[in-house]
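**Q** Can you read through this structure? Questions will come right after.
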Amino acid sequence: MQFDAVAPGSHPPLIYPPYKSTTKRGPSQEPLRIRAPAPVSTNLAARSSLILPNDTDLTLHGHSAPLGEKIVVSGVVRDEDGRPVRNSLVEIWQANSAGRYWHNRDQHEAPLDPNFYGVGKMLTDDEGRYRFVTIKPGPYPWGNHDKAWRPAHIHFPCSATCMRSAW
């Protein structure tokens, strides 16, 4: 395996001090491109038994429909050369439509929705595709300063190298 430095300007800065969480979470070294001896075509560590029946539709977790606008989030997981990666584990987590996470650390005053937990997962198909049904998340206050708010967004932990999505 060979490692090459990533071309300058091809990625945003990893550490941006005005955005405080990057100083805690961002890597302290420059990223490297790994030149693997063979292309990534599957993720052998992911198992279909990880996926439960409602993991791709986040609107089915409660006793009734969650509050908010229903949306579909879909995309393709690709390797660094643009080829689809099959069997890649894609997870999503997000705030509810009021901007509140179902997590004990989120104590912001927006209400919790008893019909929306904000987590899902799936394995990509043979063309690297994924698709989730969810609701549009709301913005929420952020601790950078007293007027800081994070815009509506969805987190995409993924076990592959690159991901493109649309919603």
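**Q** What does the extension gain come out to for R131 and D57, with contour length at 0.36 nm per residue minus their alpha carbon separation?
**A** Answer, rounded to one decimal: 25.8 nm.
**Q** Describe numerically, in nm with one decimal, the distance between label points set 7 Å from Cα along Cα→Cβ at D81 and at N144.
**A** It is 3.8 nm.
**Q** Apply the Karplus parameterisation 6.51 cos²θ - 1.76 cosθ + 1.60, with θ equal to phi minus 60°, to every residue of segment 97-104 and state each ³J(HN,Hα) to the nearest whole Hz, in sequence, with x for glycine and proline.
**A** Each residue's phi maps through the Karplus curve to give 5, 8, x, 10, 7, 7, 8, 5 Hz.
All of the numbers you see were taken from the coordinates with simple rules; none came from a lab. Predicted, not measured: the structure shown is a model, and the values here were computed from it. Neighbour counts are summed over all protein chains in view; Cβ atoms, including those assigned to glycine, are modelled from backbone coordinates with ideal geometry.
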